[in-house]
């Protein structure tokens, strides 16, 4: 899988328990609300929480929560074989 582009601003609905932005539930992509079927991976980077998610329609996205700005960003992950290349793994 490869990252298809830059992170763009997104509206994300997420569960927040004892900390903010614990688990994304859905988000808006290209004017369409997509449900999060599964969080495949989550990790932290300085000032950010990142999530690799699978949507209800089996697409893969990376969601990034900017803790300092309180904003969400998203990018779609696409199989490089769909682009005519070999599959590669993107960021962590």
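The values are calculated or read from the model by the stated rules, or taken from the named source; none is laboratory data. A quick note: this is a predicted structure, and the numbers were derived from the prediction, not measured. Cβ placement follows ideal geometry from the backbone for every residue including glycine, while neighbour counts extend to all protein chains displayed.
Per-structure values
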quantity	calculated
Residues (modelled with pLDDT under 55 and either under 10 Å from the mean Cα position of the chain (by Cα) or at positive phi (or both)) located in the range 54-92	84
Residue selected from the range 18-41 under the condition touching a residue at least 24 places away in the same chain (Cβ under 8 Å) and in a loop (DSSP other than H, G, I, E, B), by the criterion surrounded by the fewest Cβ atoms within 10 Å (Cβ to Cβ)	20
